[in-house]
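The structure appears right after this line, and notes come after that.
A short reminder: the numbers here are calculations on the coordinates, not readings from a lab. All figures in this text were calculated on a predicted structure; none of them were measured in a lab. Neighbour counts run over all protein chains shown; Cβ positions are idealised from the backbone, glycine included.
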Amino acid sequence: MRYTLTFFLVIATALSFAQSFYQLENSDIPDDGTSIMFEMNVSGLPTTIDGDFGLESVCFNINHTWDSDIDVLLIAPDGSSFVLVSGVGWAAVNFENTCFNSFADVFISDGIGPFTGEWKPIGDMGAVNNGQNPNGIWKLYVYDTWAFADAGFMIDWSITFGDNPAIPFPFYSSNLPIVKINTLGAIMNEPKTEANFYIIDGGMGATNIPSDTNYAFEGKILVELQGFSGPYYPKKNYDFDIVDDAGLEYDTVLLGLPSENDFILKAEYLDYSLMKNAITYEMYRKMGRYAPRTKYCEVMVNGEYKGVYSLTEKIKRDENRVDIAQLNPEDISGEELTGGYIFEINENFTPNDWESDYLPINYASCGLPVAYKMVYPRVEEIQPEQLDYIVAYVDSFEDALYGDEFLDEANGYRNFISVKSFVDFLITNEFSANYDSYGRSTFLYKDKNGEINIGPAWDYDRAFAPWDVSGWVWENTHPAWPFPFWWDRLQDDEEWRNEVYCRYNDVRQHILTDENITAFIDSVDAYIGDAAARNFLKWQELGVGDPEYFVTELRDFIDARLNWMDITLAADFVPAPDASFTITELGALTYAFTPVTANADYLWDFGDGIQSTEENPTHTFSGTGDYIVSLTVNKYYGCIGNSYEMFQANVSTADMSLDGITIFPNPATDFIQIGSNNNVVINETALFTVEGKYIETIITTTSNGIVINLKNVAAGTYLLKIKSGETLINYPFIKY
């Protein structure tokens, strides 16, 4: 039952003027995942609220058995809004005579419930004092974020206007793009809310103004809160889809990111440097892997400044993101069933799509199974045969890795995964000391006819924690998140340890260099520095008075962490492979090349502009001469050896003549002639390039032998193939 009683109170003194509006509600707050809106009609006020006269305070009484489940927003008649409470108080009970004004001493997010008295709201109360007409319908939006758990009851609320109003946050311009989201209500965890979406971006070096209407992009989105813990922080993440007027998704370019329709605005709320995700993704991409691309921007929601965000690509199947085959509903057998799939290890207390048969290595502390969830196709869309297939494939990998024959060439774990992707993922997580990974926020994918790849890298805002630079994350684990046994078991494979050492050593010299890291941090810091200061002025409850302190802290941590990894991995030293090789003459300027080191990656350079990645290539030179032949051997995914040899390619005397046959002249110009005595029969004659391409030309038999017309043949080196009985002559010559 809901009862509503509204009245207003006017208080005037010689020093101030205030007018309050009160409403009795006595209404249940839904606990089924839906929100409720309480409306109040305000009238009799001046037609403008601003920095001279405007909203001063908001008060309410709410009974609830778990305060942090409650979100409360105030929405003005023009649609501008701000957050009063969200995720505060943890398990405290009730809000009793709780009032909010911008001049209170303490942010409610810093308080301890139950809450009573005066508090600073989470949001910017001044956002509604924007020059609008306050007379009209004001709305109090209330949302119980944890459905079917705790009961709530709305008793009453009031709003007060006066000549000591909240001042709007001072956001006048930015060198970053500005993103504006305007909704008809609050943005919830789900379902998605329709909103208007605008981007103001004059390009690099431009000054962007929030009031500008010359938009780089203007359209509609469907938006919701993003993340497991993110919705409970004052500064929210937003997950949104670009849609047309009919609500249908369409792809478009935003801030230069490849065309798509799914994006996330990451708040980076817990990252006081605002660049932990950006630097990790950048280094991961430099390692040759896909990681979400990001663009910095400043965000406003319903007129309220929200701070610095990263516009981030959402992980999904796409040729510019996770580039795997599309899996259609009819793909339930054969080759089509084998991919593509994207799934994740993510313990977020929602139903698991399946669980590992093996307990995590930290089960004693977390008490949870390793949880798998489908990303593509979504579990509500995947066919039973498809889910059975990917579950069985992952089970087979885990069985092979856990089993006694895990190193077996035919049945071992390497038959099921891309080992190189696992090596890169480990290095990335360990370089960043990301304890939120391995057991959470860990994506994997499998393409058609392919192996399991781990990645893309995701969610590093809690990484780079400065208090301890030592220790392997995969070994120490996070006590709450279930870490699969994989990483512990992989250490039993000497080849795996060699690969980790070699790959780390390689990327440390070329990617994770001190110079690269310093240059990236410097460039980001210079770009977002002014905006970062504004961001932390907005979110004062974080206590970040000097953002540069945390940028320096990040620099120092990375330097110390990489130094620890350098020293620790040195114990697994692997020497550079022997890159020497042998050369065997095969005839007709053709040679076989054989490396001393087997089972590696190879790059041959024959010194004539031709290269090969084969282990044992053969190569035909275009002519005689001296060539520098070099070989690069990459063993264990990063240990590299190099060698070269000055080599002289000559025409073999075995190829130049056969008893009874003469060939002249060489070099030739217009003709070349083949002569033979009466005891030799020439059965076939043909002309080829050194690459083996047949050249059509005029061949004439005369009393003096065979004449080959070269007038229409381009200058270069050719092979003359002559067959006599079972004998084949390959004769190289030069055409001028």
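Quick rundown of the values:
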{"quantity": "Relative contact order (percent, whole number), the chain, Cα cutoff 8 Å, 6+ residue spacing", "calculated": "8"}
{"quantity": "Residues SER173 and ASN63, FRET efficiency given R0 of 35 Å [Cβ-Cβ distance, rounded to 0.05]", "calculated": "0.20"}
{"quantity": "Reciprocal of mean inverse Cα separation for segment 377-480 (Kirkwood radius, Å)", "calculated": "15.5"}
{"quantity": "Where chymotrypsin sites (Phe, Trp or Tyr not before Pro) fall in DSSP loop in segment 559-589, at most 14 other Cβ within 10 Å", "calculated": "PHE573"}
{"quantity": "At most 11 other Cβ within 10 Å, DSSP loop - chymotrypsin sites (Phe, Trp or Tyr not before Pro), segment 343-395", "calculated": "PHE349"}
{"quantity": "Förster radius 51 Å - calculated FRET efficiency between ALA480 and ALA246 (Cβ-Cβ, nearest 0.05)", "calculated": "0.75"}
{"quantity": "Among ILE221, MET125, THR518 - extreme Cα towards positive end, dipole of the chain, charges at beta-carbon", "calculated": "THR518"}
{"quantity": "Shape metrics for the chain, restricted to C-alpha atoms - Rg then Dmax, Å", "calculated": "35.5, 133"}
{"quantity": "Cβ-based charge dipole, the chain, positive-most Cα from ALA668, TYR718, TYR272", "calculated": "ALA668"}
{"quantity": "Solitary cysteines of the chain, where the nearest other Cys Cβ is not under 4.7 Å", "calculated": "CYS297, CYS366"}
{"quantity": "Cα centroid of segment 35-59 to Cα centroid of segment 88-158, whole Å", "calculated": "15"}
{"quantity": "Cα pair distances in segment 653-735, grouped into 10 Å bins until the bin that holds the longest one, percent each", "calculated": "17, 58, 24, 1"}
{"quantity": "Positive dipole terminus of the chain, leading residue within SER643, THR624, TYR445 (C-beta point charges)", "calculated": "THR624"}
{"quantity": "Debye-sum result for segment 581-649 in log10 I(q)/I(0), which assumes one identical scatterer on each alpha carbon, at q = 0.15 Å⁻¹", "calculated": "-0.44"}
{"quantity": "Helix-only CD estimate at 222 nm, as mean residue ellipticity for the chain, using -39500 (n - 2.57) per DSSP H run (n ≥ 4)", "calculated": "-5500 deg cm²/dmol"}
{"quantity": "Whole-Hz ³J(HN,Hα) from phi, Karplus 6.51 cos²θ - 1.76 cosθ + 1.60, for segment 162-175, glycine and proline x", "calculated": "x, 9, 10, x, 5, 9, x, 4, x, 10, 10, 6, 7, 7"}
{"quantity": "Ratio Rg/Rh [Cα only; Rh per Kirkwood] for segment 170-313", "calculated": "0.94"}
{"quantity": "DSSP bridge pairs, the chain: antiparallel proportion in percent, nearest 5", "calculated": "95"}
{"quantity": "Segment 5-162 - percent relative contact order, Cα under 8 Å, separation 6 or more", "calculated": "39"}
{"quantity": "Whole-Hz couplings from phi, Karplus 6.51/-1.76/1.60, listed for segment 573-590; x for Gly and Pro", "calculated": "3, 10, x, 5, x, 6, 9, 6, 8, 10, 10, 10, 6, 10, x, 6, 6, 10"}
{"quantity": "Sparse-neighbourhood loop sites, chymotrypsin sites (Phe, Trp or Tyr not before Pro) in segment 407-515 - DSSP loop, at most 11 other Cβ within 10 angstrom", "calculated": "TRP467"}
{"quantity": "Spherically averaged projected area in nm², based on the convex hull that wraps the Cα atoms of segment 111-227", "calculated": "10.8"}
{"quantity": "Segment 462-590, dipole about Cα centre (Lys/Arg Cβ +1, Asp/Glu Cβ -1), debye to the nearest 20", "calculated": "420"}
{"quantity": "For the chain, the longest site-free run once GluC sites (Glu not before Pro) in DSSP loop states with at most 14 other Cβ atoms within 10 Å are removed", "calculated": "1-318"}
{"quantity": "For segment 229-236, Karplus couplings with θ = phi - 60° (6.51, -1.76, 1.60), whole Hz, Gly/Pro x", "calculated": "9, x, x, 8, 8, x, 9, 8"}
{"quantity": "Electrostatic dipole magnitude of segment 309-447 [Cβ: Lys, Arg +1; Asp, Glu -1; Cα centre; debye, to 20]", "calculated": "660"}
{"quantity": "Placed amide H near LEU586: partners under 5 Å, 5+ positions off or other chain", "calculated": "TYR591, ALA592"}
{"quantity": "Cα-centred dipole magnitude for the chain, charges only on beta-carbon of K, R (+1) and D, E (-1), debye, nearest 20", "calculated": "1780"}
